[in-house]
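Below is one structure, written out as structure tokens, with a few remarks after it.
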Amino acid sequence: MLIAGEASGDVLAAELVNALRAQVLVESFPATAEVQPRRSALAPRFFGAGGPAMAGAGVDLAFDLTRHSLIGISEVLKKYFQFRRLFFQLVQLAVERQPDVIIGVDYGGFNLRFGAAIKHYIRKHLSPFTPWNPKIVQFVSPQVWATRPGRAEKLAQDYDLLLSIFPFEKPWYARRVPKLRVEFVGHPMVGRFSVPSSEFRIQSATPSVLLLPGSRGDEVRRHLPVVMTAFELMRRELPQLRAKMVLPDAALVQSVKDSGVPAGLGVQVGGISAALAEADLAITKSGTVTMECAMFGVPAVVFYKTSWPTYCIGKQLLNVPYIAMPNLLAGEAIFPEFIQHVATPENISRAALQLLRDETRRRGVKAELRKVVASLGPPGAATRAATAILSLSK
């Protein structure tokens, strides 16, 4: 059983499903000159909740959980009863179908509660007559090292395996909860993209900026005025400046076009890899996308705005110096960050223009990004994750 609640987790879960299926078949039928592995009744079966990538990989989905993806405490509270219903629907599904392994893919707030609920059920019902006792795995560590580190103890109580994608996480857990098995499998983005060259691209004579306001409707609506105005301010200084805005679906693209698009800005559905390959600079909301910028060696200005209740609570809980993962991995602010009240068009455009105009600084940022990417391990994270998961049954 797999559960993924966001688009990035949906893709990662699909890669994991394919890797698990391939490894199980190979182990079931070792390849020889006479015998080649093929699909058979021994192939694993997958079910759960996720999105279109998981469905395409052959996962039997109870529903598309990625359609309900939200960020922020106030946003989640508004749909508390809907999430509660979906949560217990999945708990009941797990009890009915009794999978050998339950894998939460990212989506830590939901998945950690789900793992705890399953463990609570097992502790209450496990007996010789009801022997179901699945292994519980979390693929991508929740950011307990950033907020509420006490949750690591709860992870150790409920989980059999934690699969880490960042190199600092395994020693962090080892110091606090050595009984929890943690495996660093590398970052799934490594090897996923075709990056133009190891030295990354050189800035063109006509600079190109990539605007990434978000993937959810609520965050796009909140961020759109900021990035639009920042781009217009930059065009006053650099009239030849061009920009693309990448959004995940046609409905969001249409809503942006309906609001009015300034000259020099194109808006498109998807294609972020191709856009990054051509970009000289990104203005992006924080999150997974900052790692995509790092993979392509694109200097970025990072920002985020959320509701005031979410911001005030988050500010009290956060105990790391940066919100952009490339900055955390580098140990310094290689990407300028602007959060909440300082995420103004003026601040963002000023920082972006400085990055575009200072070639020495741009070379320094690109050099640091190469170090960050090198720290994430070789390609094959999903394959290594599958190996670790299958080892639980040996």
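Side notes on the structure shown:
- Geometric descriptor of region 208-374, per residue, is 104 Å³ (volume of the convex hull of the Cα atoms).
- Taking a ≥ b ≥ c as the square roots of the eigenvalues of the Cα gyration tensor, region 293-394 is oblate, since a/c reaches 1.5 or more and a/b is not larger than b/c.
- Potential extension, HIS120-ARG151 segment - 0.36 nm per residue separation minus Cα distance: 9.5 nm
- For region 151-163, 3J(HN,Hα) computed residue by residue from phi via the Karplus equation (6.51, -1.76, 1.60; θ = phi - 60°) reads 5, 4, 5, 5, 4, 5, 6, 9, 10, 8, 7, 10, 9 Hz, glycine and proline entered as x.
- Using just its DSSP H runs of length 4 or more, each adding -39500 (n - 2.57), the chain gives a mean residue ellipticity at 222 nm of -14500 deg cm²/dmol after division by all residues.
- Shape call, the chain: gyration tensor on alpha carbons, a/c limit 1.5: prolate
- Using a Förster distance of 22 Å, the FRET efficiency for ASN133-ARG113 (Cβ separation, nearest 0.05): 0.70
- In the chain, a dipole from Cβ-located charges (positive for Lys and Arg, negative for Asp and Glu) runs towards its positive end, and of TRP308, ALA386, ILE323 it is TRP308 whose Cα lies farthest in that direction.
- Rel. contact order, % - alpha carbon contacts under 8 angstrom, at least six apart, the chain: 16
- Counting neighbouring beta carbons within 10 Å and listing from fewest to most, the residues SER391, SER307 come out as SER391, SER307.
- Taking the Cα centre of the chain as origin and assigning +1 to Lys and Arg Cβ atoms and -1 to Asp and Glu Cβ atoms, the resulting dipole is close to 760 debye.
- Prolate/oblate/rounded call for region 77-145, Cα gyration tensor, a/c under 1.5 rounded: oblate
- Cβ-based charge dipole, the chain, positive-most Cα from ALA374, VAL105, LEU90: LEU90
- Remark: region 208-374 carries a charge dipole of roughly 120 debye about the Cα centre, counting +1 on each Lys and Arg Cβ and -1 on each Asp and Glu Cβ.
- In this structure, the residue pairs whose Cα-Cα separation is over 31 Å, taken from LYS371/LYS394; LYS170/LYS394; LYS135/LYS170; LYS79/LYS179; LYS79/LYS119; LYS154/LYS315, are LYS371/LYS394; LYS79/LYS179.
- Residue among ALA4, TYR121, MET189 farthest towards the positive dipole end of the chain, charges placed on Cβ: TYR121
- Ranking of GLU219, GLU6, GLU359, GLU232 by count of other Cβ atoms within 10 Å, fewest first: GLU359, GLU232, GLU219, GLU6
- Folded to 0 to 90 degrees: helix 381-390 orientation relative to the chain principal axis, Cα: 20
Read-outs throughout are calculated quantities, based only on the coordinates presented, and are distinct from any laboratory measurement. If you're wondering where the values come from, they're calculated on a predicted model, not measured in any experiment. Cβ: placed from backbone, ideal geometry, glycine included. Neighbour counts: every protein chain shown.
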